[in-house]
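Here is the structure we will look at, set down as structure tokens.
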Amino acid sequence: MAATIVHFGQDTCFRLPVLRSAGYAVEECESLDRLSGLLAGNADAVTLEEEWQLYTPEAVALTRAYSSAPVVLFRNEPNPVVFDGFDLVIPPLTAPEDWLRQIADLLEHSHAVQTAASELARSSATLRQESASVRDESRRLRECSIDQRSAAIPVGWETPESKPDPAWD
């Protein structure tokens, strides 16, 4: 099954046909409302185009809020600017074979992390169930022990704990 990439912004450098020819299913959107709708599906990655008209931090924040998909920024400006929140930043004029390999590696890593997280969640759920079972058994044994101790002491007899210390006489 092909990985699904959601692309936010205009495709000014014609990267989407390259992604499609590499076998990716690409969904395009140019609004935050449409992005949130597409994120409700199973996006494997979100790519964004660097545009001066488009505020990409909102798109990144929305993606982080609704998806665990990695976020890739295609830079269009050569100026060195710090971009936070991206899993991969592809500089302008990067050869398609290079950025396709980088995206494939990122998707592979992301899938491995998500698989490990799912396994950890399953293991955690199993351990929580086992812990609850052990607590229930401990509670049952404690109650049984109390009942047995109560039944073993004849009426009118004092328990050793209730006798006064002879040193106090």
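The values are calculated or read from the model by the stated rules, or taken from the named source; none is laboratory data. Given the structure is predicted, the values throughout are model-derived calculations rather than measurements. Every residue, glycine as well, gets a Cβ built from its backbone with ideal geometry; the counts of neighbours run over all protein chains shown. Just the protein is used for accessible areas: all its heavy atoms, side chains included, with ligands, DNA and RNA removed. Shrake-Rupley method; radii C 1.70, N 1.55, O 1.52, S 1.80 Å.
If you check E50, E97 for being out of contact with any Lys or Arg (no Cβ under 7 Å at 6 or more places or on another chain) and charged (D, E, K, R), only one passes: E97. The combined condition, being modelled with pLDDT of 90 or more, more than 20 Å from C29 (Cα to Cα), charged (D, E, K, R) and part of a helix (DSSP H, G or I), is not fulfilled by E143.
Is it the case that some residue within the stretch 15-24 is among the aromatic types (F, W, Y), open to solvent by 30 Å² or more (accessible area, probe 1.4 Å) and within 18 Å of the chain's Cα centre (by Cα)? Within the stretch 15-24, not a single residue is among the aromatic types (F, W, Y), open to solvent by 30 Å² or more (accessible area, probe 1.4 Å) and within 18 Å of the chain's Cα centre (by Cα).
Restricted to the stretch 27-37, and to residues there that are outside any loop (DSSP other than H, G, I, E, B) and over 18 Å from the mean Cα position of the chain (by Cα), the residue that is surrounded by the most Cβ atoms within 10 Å (Cβ to Cβ) is L35. Among the residues of this structure, G41 does not count as one that is assigned to a loop (DSSP other than H, G, I, E, B) and more than 19 Å from the chain's Cα centre (by Cα).
For the stretch 86-127, filtered to residues that are part of a loop (DSSP other than H, G, I, E, B) and farther than 11 Å from V72 by Cβ, the residue that is most open to solvent (accessible area, probe 1.4 Å) is L93. Which of the residues belonging to the stretch 92-118 are modelled with pLDDT under 90 and over 22 Å from A2 (Cα atoms)? Answer for the stretch 92-118, where residues must be modelled with pLDDT under 90 and over 22 Å from A2 (Cα atoms): P92, L93. Restricting the stretch 1-14 to residues that are at pLDDT below 90 and either of a type in the set (S, T, N, Q) or open to solvent by 40 Å² or more (accessible area, probe 1.4 Å) (or both) leaves a set whose member that is nearest to D98 (Cα to Cα) is C13.
With respect to being part of a loop (DSSP other than H, G, I, E, B), modelled with pLDDT under 85 and in contact with a Pro (Cβ under 8 Å, 6 or more places away or on another chain), E77 fits the description. Scanning the stretch 51-77 for residues that are without any contact (Cβ under 8 Å) to a residue 40 or more places away in the chain, over 19 Å from the mean Cα position of the chain (by Cα) and open to solvent by 10 Å² or more (accessible area, probe 1.4 Å) yields W52, Q53, Y55, P57, E58, R75, E77.
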